[in-house]
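Quick notes on the structure that follows.
Please treat every number below as a calculation from the coordinates, not as lab data. Source: prediction; values computed, not measured. Cβ atoms come from the backbone with ideal geometry, glycine included; neighbour counts cover every protein chain shown.
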Amino acid sequence: MRDRARALWIGIGVVAVVVLLALAGCAGSDRAEQQGTPTAVRTKKPTFTPMPPATDTPTITPLPTATPEPPTPTPTATAIPTDTPVPPTASAAAGYISGLADGAVALFEVEVFSAPGGAASAKLRHGAAVELGEVKDGHVQVKSGDVQGWVKEANVAKEAPAAPTTMYINARDAANIRRAPNGQVVKSVKRGAEVYRFECQGEWCRIGIPGEASTLWVHESLLSASPV
């Protein structure tokens, strides 16, 4: 009986020793870890983000299209103007101022009117060349240089009349000028004055004096062909 008890206590003691040794080993391990024995660091695993599922039809990004530039207009060729023939201008009819009356030069200067039957605005000498215009109320429209107006039809000739001869008064002081051969004296003209001689009848010559409309008469002896 005593032997069994002894054996039991011995068994219990052995078990206690084993337990103590085991506890001591665990405590040593913990101590070693606390004294610097590296322990494995747990690295956090990266989170795995799954890719979105691929679609059957891939999205195609359209390429930018170039904006078409407006077409450059083709310059229109300008037609070169051709010389359009200008119709010839009808030349104005030519005529002459005539102071003739009954075959003789009665007027040395013919009056030019502003209108048929209007007021006299200028004078043109017998034989002056003029351009003829329209005819109205017994008057003809004429133009000579800066003078333009209307004259009586009787004072227009189609052909140039005989030109008068330039003469000079050679009287001692002045010459008597008459209305008709050896007729009434109407004025006197000083020596050296220029006059225009037409025809002569015997000793008397018809003359035109600048500023006098009608032709007058002077004795042929009082006329000179050269200035005096």
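The table below gives the values:
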quantity	calculated
Charge dipole (the stretch 117-209, unit charges on Cβ, about Cα centre) - positive-most of Gly208, Leu124, Pro181	Pro181
Potential lengthening between Glu134 and Ala101 on full extension [0.36 nm per residue; Cα-Cα distance subtracted]	9.6 nm
